[in-house]
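In what follows, a structure is listed as structure tokens, so that the remarks can point back to it.
The values are calculated or read from the model by the stated rules, or taken from the named source; none is laboratory data. All figures in this text were calculated on a predicted structure; none of them were measured in a lab. Positions of Cβ are generated from backbone atoms using ideal geometry, with glycine treated the same way; all protein chains shown enter the neighbour counts. Calculation scope for accessible area: heavy atoms of the full protein, side chains included, ligands and nucleic acids excluded. Shrake-Rupley method; radii C 1.70, N 1.55, O 1.52, S 1.80 Å.
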Amino acid sequence: MENASHSQSRSSVLQKNMKVLIVSKSLKEQGGVVNFVSMLVNKFSAETAWEHLEIGKNPSMGGFQAKLKILLSDNLHLKNRLSTGNFILLHLNTSLNSRALVRDGSFLILASLLGFKNNVVFIHGWDEGLERKLKESVLMRAAFFHVFGRSRMLIVLASRFRDTLVSLGFDPAKIRIFPTMFDGGLFSGAFKGNQGAGTILFMSRLVREKGVYELLEAFARLSERHRGIRLNIAGDGEESAAVARWIDSSGLGDRIGLLGYLRGEKKARALREADIFVLPTRHGEGCPVALLEAMAAGLAVIATPVGGIPDVFRDGVNGILLRDSRPATIAEAVAQLLDDDELRARTGEHNRREAWQKFESRIVVRRLEELYREVASST
């Protein structure tokens, strides 16, 4: 009875006093992981105390010795914080790519050597090429499992990613599927009423795998029939200059806006002014925040069934899930929504309700805090 009472007392204390060390790059940088961490720490409840450990403070450019120096420096800072900070839980944010796994794997090994067991690893990105290598190489698979099996909980953005980890030997009881989130404060209560059907929005990094060129080709086809439509492209990346050249040479420059990287009110305005959101990506997505933001803004959505998208997006309910990302397929889907005002409005309103009920940052952070408590109370 005394042991049971002590266990209950410890659980009660853990639930009231959570001190978490969050590890990520600088919160001043761009990127999905940094945006997630920024929302996370800003929406924690009063029950969760937190500190942020910034890693990779020095430039990432340079040779092997420079990168090794950064890695050793990050491990030293982590050691100092874990040794003196009285943390209950360590939250690492990583991706399934070689560089991130080496870095964050070293953090897990260090924490284990220090006797720190309450480690949560949130895997945001997913490199399908590395996934194939892990499945094909017994040595790589064993090393990956040996290091990341040290975590008390692994969080992934898609059921497919969970299934992959289970196939690699991880305990399914230690894996959670968890969505990313959008910041409700972005909208300040202002939404478009879905009165029109004229503006298509693409919002993502400008890389080929995101399907921007296929969408441009689809828009060129659509513009012959739908004279009043407009395409806005928001984002930057390695294809920015090439996309600009495509627009200049297309003769559609007056109907295609290249908005660049947007944040804050400028992003909210682009969402409010849009009618349909299109993301014909082939990239190994987790759960794109832009898709959730588009749903929250009340837009009908067109997307591809990659990564974590099928876990949050139902074909015919949230919009249209493309069978492929060919221009003809995209144009057909966009035309279906352009030609059906009632379908577009009904889908957009459903998306708005669902996004705010499931994916708004305060709701998602409360669920993550519950996972923290589950990990902390298991020791």
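Of the residues making up region 41-95, those that are free of Cβ contacts under 8 Å to residues at least 60 places away in the same chain and of a type in the set (Lys, Arg) are 57, 67, 69, 79. When 314, 323 are checked against the criterion of being out of contact with any helix residue (DSSP H, G or I) (no Cβ under 9 Å at 6 or more places or on another chain) and of a type in the set (Lys, Arg), a single residue qualifies: 314. Number of residues in region 259-285 that are free of Cβ contacts under 8 Å to residues at least 40 places away in the same chain and either of a type in the set (Phe, Trp, Tyr) or part of a strand (DSSP E or B) (or both): the value is 2. The residues of region 239-261 that are closer than 21 Å to residue 291 by Cα and either among the small types (Gly, Ala, Ser) or open to solvent by 20 Å² or more (accessible area, probe 1.4 Å) (or both), listed by number, are 239, 240, 257, 258, 259, 260, 261. None of 95, 38, 83 is of a type in the set (S, T, N, Q), in a helix (DSSP H, G or I) and surrounded by 13 or more Cβ atoms within 10 Å (Cβ to Cβ) except 38.
Scan region 117-147 residue by residue and report those that are closer than 29 Å to residue 374 by Cβ and open to solvent by 60 Å² or more (accessible area, probe 1.4 Å). Correct list: 117, 127, 141, 145, 146. Taking the criterion of being open to solvent by 20 Å² or more (accessible area, probe 1.4 Å) and either in contact with a strand residue (DSSP E or B) (Cβ under 8 Å, 6 or more places away or on another chain) or hydroxyl-bearing (Ser, Thr, Tyr) (or both), the residues of region 148-182 that qualify are 150, 152, 159, 162, 166, 167, 174, 176, 177.
Close contacts from region 361-379, counting a first residue that is of a type in the set (S, T, N, Q) and a second that is modelled with pLDDT under 95 and open to solvent by 60 Å² or more (accessible area, probe 1.4 Å), with Cβ to Cβ under 7 Å and a gap of 6+ residues or different chains, come to 379/117.
In region 146-182, the residue that is farthest from residue 109 (Cα to Cα) out of those that are assigned to a loop (DSSP other than H, G, I, E, B) and of a type in the set (A, V, I, L, M) is 181. Screening 324, 339, 315 for residues that are within 18 Å of residue 201 (Cα to Cα) and surrounded by fewer than 16 Cβ atoms within 10 Å (Cβ to Cβ) leaves exactly one candidate, 339.
Comparison of 151, 106 shows that the only residue that is more than 19 Å from residue 18 (Cβ to Cβ) and either modelled with pLDDT under 95 or hydroxyl-bearing (Ser, Thr, Tyr) (or both) is 106. Would you check which residues across region 302-329 are of a type in the set (A, V, I, L, M, F, W, C), touching a Lys or Arg at 6+ places or on another chain (Cβ under 9 Å) and either in a helix (DSSP H, G or I) or farther than 21 Å from residue 215 by Cβ (or both) and list them? Passing the criteria: 312, 328.
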